[in-house]
Amino acid sequence: MKIGFYVGKLSSSGVGSYTICIIKMLVKDDNVHKVILIVDEGGCNNINSIFDNNNKIEVIELRNSKLRKVFTGLNKLFYFLDKTKSINVSRFANLIAVFDPFRNAVDSLQIDICHVPMQTAPGYNMKTPLVISMHDLQELHYPAFFSPRERMLRALNYMRAIELANHIVVSFNHVRNDIITFFAVPKSKVSVCPPDFGKYWVGDSKHSDQNKLEKKYSLPNSFIFFPAQLWKHKNHQILFKALVILKERKVSILLVCTGKKDGFYQELWKHVNKLNLTDQVKFIGNVSNEDLNGLYKMARLVVIPTLYEAGSGPLFEAMYHGTPVICSNVTSLPESIGYDEFIFDPLNEIEIANLIEKGCFDNEFREKNIENSQKRIQILSQSNSSSNFIEAYNKAIDSKLNNNRHFQ
């Protein structure tokens, strides 16, 4: 099978980690003969080194990014006009599709399948079968975290992606159920394909030296760690409240948080100030992969209090590195950690404070946690992960063939 992956400008985000993980899995599969990475202009830097210069991988750089954006906008406009029956735009839409640079670039590669590992694609209606990865529909569960405009755009863009893709892959059952429920999609169109959440997810296990990290970030040798973007649903504030409870118990421990210091950071810091925790909370911004791996190894405990998560990269990473970890009891997290003793209600600061204290100071709890993580990583490192994706790709190919017969 010859697979094309549109990766845009590959980053170290959650979607980036997901993409890298899948590609590393697939190139190990004997059924996959070639993987073509379709990158945006300027997105080729160091991409081959990420995949150890694997000879199954070829990189194609898309040009004319401004022109592609114009066509993407026109395609969206015509799709939405057609849906609202405002005017008959089918003739114009078909004409635009013929000249769409993304569609033509993908079709010219003569690949068996194009996989876009993100929730929307730059183009649709290609001759090549298209698979989309849907990661979450968080706005339907926590609408207050999004503006009305954001909710509208997400609804329209996801509706278009789900309808026009030949097949959809998700990592967890709860996402599949959301798509089927909210978008009235046939069950057969959505496949649950969890990637290998072990070594392929974590990737390079090189880590920065502890002494270097202590000096670089002014850290003590013991702290609790929450690696996440500074977004509302990550629920940082509940950890601050838990720290206050621990402080009242004469238990003082530093909370270290990663994540870009964007607009929401200021709001979080106001909470820290209000609770008199400025000496117990440290935001260190975005960090390199080597520093992140080193911080996992240094941390006394990883805490994940998120209100919503499709799947938690930090949970898998903490388990892989053998760092004790506790997490909220939402979506896929209880299933991933696989042990009720290590989960908590993300709205209950007392429960969280109790588990933090146990995770930091109860040696029996810590040993049991680490042992559980080792077992879970073995289970989550599924040997058939790549075959699940290939099965989904074949479903997309069959769907495309059936659609073509329907219109002949």
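The numbers here are math on the coordinates, done by the rules we state, and not lab data. What you are looking at is a predicted structure, and each value in this text was computed from that prediction instead of being measured. Because the Cβ atoms are built from the backbone with ideal geometry, glycine has one as well, and the counts that use them run over all protein chains shown.
Data table
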| quantity | calculated |
| --- | --- |
| Rough spin-label spacing in nm, given labels placed 7 Å along Cα→Cβ, for GLU367 and ASN157 | 5.0 nm |
| Using a Förster distance of 60 Å, the FRET efficiency for LYS274-LEU109 (Cβ separation, nearest 0.05) | 0.60 |
| Those aspartates and glutamates that a straight Cα-Cα span of less than 18 Å connects to LYS66, excepting residues fewer than 8 apart in one chain | ASP40, GLU41, ASP100 |
| Ordering of 235-243, 280-288, 106-114 by burial proxy (mean other Cβ atoms within 10 Å per residue, highest first) | 235-243, 106-114, 280-288 |
| Enclosed volume per residue, in Å³, of the convex hull spanned by Cα atoms of the chain | 147 Å³ |
| Those lysines that a straight Cα-Cα span of less than 20 Å connects to LYS297, excepting residues fewer than 8 apart in one chain | LYS199, LYS206, LYS212, LYS215, LYS216, LYS282, LYS358, LYS368, LYS375 |
| Modelled label reach - PHE145, point 7 Å along Cα→Cβ, region 236-266 residues with backbone N closer than 11 Å | 236 |
| Relative contact order computed over the chain (Cα-Cα under 8 Å; 6+ residues apart), in percent | 15 percent |
| Alpha carbon centroid spacing (whole Å) that separates region 1-66 from region 119-187 | 22 Å |
